[in-house]
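*Asks:* Handing you this structure, nothing more for now.
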Amino acid sequence: MGDRMTPSPSEPTGWARLLRRIERWAGRSADAEDLLQTAYVRLYTARATSEVKEPAGFIYRAAVNAGIDHARQDRQLHDRFDIDHDGALLRDAAPMPDEVLASRQRLDRVREGMAKLPPRSQEIFMMHRLEGLKYREIAERVGISQSAVEKHIARAALFLTDWSEGW
């Protein structure tokens, strides 16, 4: 049960009142219910770290903000893909040619950087990143300590990050 100022989902009158306000703003009751639930989660999260003086206002504002975030994500999705009003994808989701070219150029840059690493660091880094092996597994396979594996991977990652910066 919520405090006097915070309508709780278990209190139908408070919940219904807020739901109607959100429905008027959102335009659809299904969306309003989701937004209101998201707002309650945000309220409980906020209360964990600070005092919320106006819980009902906080919930309404959080629901509106969640709606704006959702609309922004929808707009980005619609800008990226052709989607009809029923949500059907009309255009292929394949990356644009300029994105493919930029990715290839970044990959070439990383390959150049990998070639500059010592062979042992290359091997250990690839075992971790490409094969998904854990440090312990790499240490056993290569015959070195787990600490040495960590150092190889950290140095390789730092070098490649610096090497690829700006790409």
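*Asks:* Got a sec to turn the phi values of the stretch 55-70 into Karplus ³J(HN,Hα) couplings, 6.51 cos²θ - 1.76 cosθ + 1.60 with θ = phi - 60°, whole Hz, x for Gly and Pro?
*Replies:* x, 5, x, 4, 4, 4, 5, 5, 5, 5, 4, 5, x, 5, 4, 5
*Asks:* Relative contact order for the stretch 106-152: what is it in percent, counting Cα pairs under 8 Å that are at least 6 residues apart?
*Replies:* On the way: 22 pairs, mean separation 12.8, N = 47.
Dividing the mean separation by the residue count of the stretch 106-152 yields 27 percent.
*Asks:* Additional query: How would Asp34, Asp69 rank on accessible area, largest to smallest, probe 1.4 Å? Write out the running numbers ahead of the final one.
*Replies:* Details: Asp34 90, Asp69 55 Å².
Reading off the accessible areas and sorting them downward yields Asp34, Asp69.
*Asks:* I've got another one for you. Tell me which lysines have Cα within less than 29 Å of Lys116's Cα, excluding those fewer than 8 residues away on the same chain?
*Replies:* Partners found: Lys134, Lys151.
*Asks:* Separation between the Trp163 and Arg120 pseudo-spin-labels, each 7 Å from Cα along Cα→Cβ, expressed in nm?
*Replies:* Spacing of the two 7 Å Cα→Cβ label points: 1.8 nm.
*Asks:* Using protein chains only and a probe of 1.4 angstrom, how many square angstrom of His128 are accessible, to the nearest 10?
*Replies:* The accessible area comes out at roughly 50 Å².
The values are calculated or read from the model by the stated rules, or taken from the named source; none is laboratory data. Fair warning: this is a prediction, and the values are worked out from it, not measured in the lab. Heads up, the Cβs are rebuilt from the backbone with ideal geometry, glycines too, and the neighbour counts pull from every protein chain shown. What goes into the accessible areas is simple: the full protein's heavy atoms, side chains included, and nothing from ligands, DNA or RNA. Shrake-Rupley method; radii C 1.70, N 1.55, O 1.52, S 1.80 Å.
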